[in-house]
1. Quick one, what does Rg over Rh come out to for the range 298-350 if you take C-alpha atoms and the Kirkwood Rh?
2. Give me the net charge of PRO300's neighbourhood, meaning all other residues with Cβ under 15 Å from the Cβ of PRO300; Lys, Arg count +1, Asp, Glu -1.
3. How do HIS157, HIS174 stack up against each other in accessible area, from largest to smallest, with a 1.4 angstrom probe?
4. Compare the Cα positions of HIS174, TRP359, GLY116 along the charge dipole of the range 15-363 (+1 at Cβ of Lys, Arg; -1 at Cβ of Asp, Glu; about the Cα centre) and return the one farthest towards the positive end.
5. Whole angstrom only: what separates the Cα centroid of the range 152-190 from the Cα centroid of the range 270-331?
6. Hey, any idea what % of the range 204-298's accessible area is carbon plus sulfur with a 1.4 Å probe?
7. Based on DSSP H assignment, which helices of the chain show an axial Cα extent of at least 24 Å together with a mean Kyte-Doolittle hydropathy greater than or equal to -1.0?
8. Sort out for me the Cα centre separation of the range 426-447 from the range 38-78, rounded to whole Å.
Amino acid sequence: MVSPRHSVHGQWSSRFIFIVALIGSAVGLGNVWKFPYLAGENGGGAFVLVYLLCTAFIGLPLMAAEILIGRRARRSPVLAMRTLALEEGRSSLWAGVGWLATLAAVLILAAYSVVGGWAMAYVFRAASGAFVGVDAYQASQLFRQLTGDPERLLAWHTLFLAVTVMVVGRGVRHGLEEAVRWFMPILIGLLLLLVWYAWRYGAFDQAVDFLFRPNFAALSGGAVLAALGHAFFTLSLGMGAVMAYAAYAGDRVPVLQVSLMVVLADTAVALLAGLATFPLVFSNGLAPASGPGLVFETLPLAFGAMADGEVYATLFFAMLMFAAWTSSISLLEPAVAYLVERWRIERPLATSYLGVAVWTLGLVPVFSFNIWAHVRPLDGWPLFQGRTLFDLMNFVSTNLMLPLVGLAVAVFAGWRLSPQTSRLEMGRTLGYRLWLGVIRFITPVAVLIVLLNSAGILQ
Ligand code: PHE
């Protein structure tokens, strides 16, 4: 409560819309594209269980910490970290955490926009009946045709990013809020419809079994760490997105309750996405563990063989596209907010500059699927071996920068911010005391383990 400041970008018009915007950020490619294939690769229910634990002990407290910091400072992540650090008599170097977060967000957006572009492309393909009756070879050929053609990839990346830039350029109330208001109901409606379809026509029981019956034999150490890492990504943590959105939240928004709602909603969507995809996979006798290709190769194959498949495939990829947009806007916002605050650049202009920067960065993932597919610049390092430029971008941002920011945010919120300040923002409740204990002692240790593992030190 009682933040002494106002944000120059304005405020969300209600608490409800703030929560929906956070859910929009959290629900994205991570839920619909990554979660099902991670679960598929790592033994289904056992993975889901570990992921839920990570969400509770790392995701939830960190989400609260980011909301706390953003709301208290009412600035973009860079300036928020700086302002609060100085106010608490700490080093202004803490601003570096904001920089790292903002940078990670920009890097991820460049890659995210390319994959979001695939979703867009697939909406049109599905609608034109391209998947009807395809076999496995044709389905994977269709995917290769897209990723192998730099011009097409570039066109979709451009389109996807253009929408993101347009939304963010219009500001908090007229851009972010308006987009969320339209896209989120569509997204949830489509998801429920697709679960119904999977229940009606797919092998639903088999999917429920797969997702909810823990098979601990399939749970390797790598699976545990994948679950930890995914908890970060899917909740939009460590990239300043939550911090940036929280800067526009009202003073009386209850931090812990909001965090809990967002975490629950994000998890529910991930599980529903699993229930919308796996029944189709199983009923067509396909393999659940087919990696990133699950959504773009396996599902078209499944839809192609089913009743009204082209209609539901179109709806599925439309859902994926909307989910990606409500996340991509939150990836661009931290950097835009910084430019507006620090350099007093008009928002539309600031957004355009960054749009051009992200578009240019996006050339790297675009070309890494075709003309640069053979480029493996860091092959000499065991940690980076065999990774294309796209893989490297994802790996460095998601697996290294993000946990690093998460660790720093946990330490800052738990140990550098005085309890007076955090108590003032969060209220003197049992929940607050629990949160303080977890963010001080459990979250940093758990994140450190993920980080050391990602850096290859624990292998
Ligand atoms: N949470 C989003 C997803 O699951 C990705 C994201 C990460 C969005 C960080 C914003 C910030 O797809």
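1. Dividing the radius of gyration by the Kirkwood radius yields 1.37.
2. Every neighbour counted, the sum reads -2.
3. HIS174, HIS157
4. Farthest along the dipole direction, towards plus: HIS174.
5. 20
6. 63
7. Helices passing the filter in the chain: 95-127, 150-169, 178-201, 255-283, 309-343, 347-368.
8. Result: 13 Å between the Cα centres.
The values are calculated or read from the model by the stated rules, or taken from the named source; none is laboratory data. Keep in mind it's a predicted model, so treat the numbers as computed, not measured. Quick reminder, even Gly has a Cβ in these numbers, built from the backbone with ideal geometry, and neighbours come from all protein chains shown. The area values use the complete protein model at the heavy-atom level, side chains included, leaving out ligands, DNA and RNA. Shrake-Rupley method; radii C 1.70, N 1.55, O 1.52, S 1.80 Å.
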